[in-house]
Amino acid sequence: MTYKMRCAWSVVALGICAALQAQVISIYVDGDRRDGRFPPQLQNGRTLMFLRDTFDALNCAVQWYSADQRIKAWIAETEIELWIGKTEARVNGQTMMLDQAPIIDKATGSTLVPLRFIGEAVGAGIKYSARGNRVDIDRMQIPYWTETAPFKVGDTVEMLEQTRDRWIKAKVLRVFEVKVGLDRYNIEYTEDGPNGRVMRPTMSRSHIRKPRS
């Protein structure tokens, strides 16, 4: 191979590497870079992020239902449902349409979900910068992370029992300020269980909501 040909191939290789690098999307959460198990992907101009990475970044509880390929997530007063391959979703029971449906990544077998929709559904700020292929997630815009505790001692609240996908009634024993992660406060509560009423340890606000009739 001649010198000119080697130079030409080097230029092509560099171009390919640059193109691939330009497609890599960086995720920043509250200004800090967040590297998940797999990098996010662009589909039809929309950023898709792996299921666990997305909901962990937003501090959501999440469940996967293989029977109907459904994703269900909770955070405080917000409940989200999505289905693989469907552009229809539900937020607190209200039907909403997606620009891009959740998909299963063929290479990893993992679920990818539309980041902007989920972020906005829970109230987070989502900003995409095309120049740096960068997505910024601002969790401080999520209402409960900046609110004054809406609960007081003696109030009845609902606690998420995630393993059974249900909310249970509980009585607030104590409300106190915390500096753990972005939670502003936690509560201690009692729970009515099969063996009577028991006191539970503190619980993150993301798993607490006001009672629903």
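FYI, it's all coordinate maths here, none of it is from the lab. From a predicted model like this one, the values you see are computed outputs, not experimental measurements. Note: ideal-geometry Cβ built from the backbone for every residue, glycine included; neighbour counts use all protein chains shown.
Sequence-ordered 3J(HN,Hα) estimates for the range 109-118 from the Karplus curve with 6.51, -1.76 and 1.60 and θ = phi - 60° stand at x, 9, 8, 10, 10, x, 5, 4, 4, 5 Hz, glycine and proline given as x. Modelled spin-label separation between A130 and K86, with each label point placed 7 Å from Cα along the Cα-to-Cβ direction: 3.3 nm. For T108 and N44, the FRET efficiency from 1/(1 + (r/R0)^6), where r spans their Cβ atoms and R0 equals 22 Å, is about 0.65.
If I take every Cα pair under 8 Å that is 6 or more residues apart in the range 36-111, average their sequence separation and divide by the length, what percent do I get for the relative contact order? If you can, show how the numbers build up before the last one.
Values: 114 pairs, mean separation 14.6, N = 76.
Reported as a whole number, the value is 19 percent.
For a test of the definition: using alpha carbon positions, the gyration tensor, and the 1.5 limit on a/c, classify the range 25-144 as rounded, prolate or oblate.
Oblate, since a/c reaches 1.5 and b/c is not below a/b.
What shape does the range 107-151 take by its C-alpha gyration tensor, where a ≥ b ≥ c are the square roots of the eigenvalues and a/c under 1.5 counts as rounded, a/b above b/c as prolate, and the rest as oblate? Oblate, since a/c reaches 1.5 and b/c is not below a/b. Relative protection proxy for 57-64, 31-38, 136-143, 84-91, from highest mean packing down: 57-64, 136-143, 84-91, 31-38 (other beta-carbon atoms within 10 angstrom).
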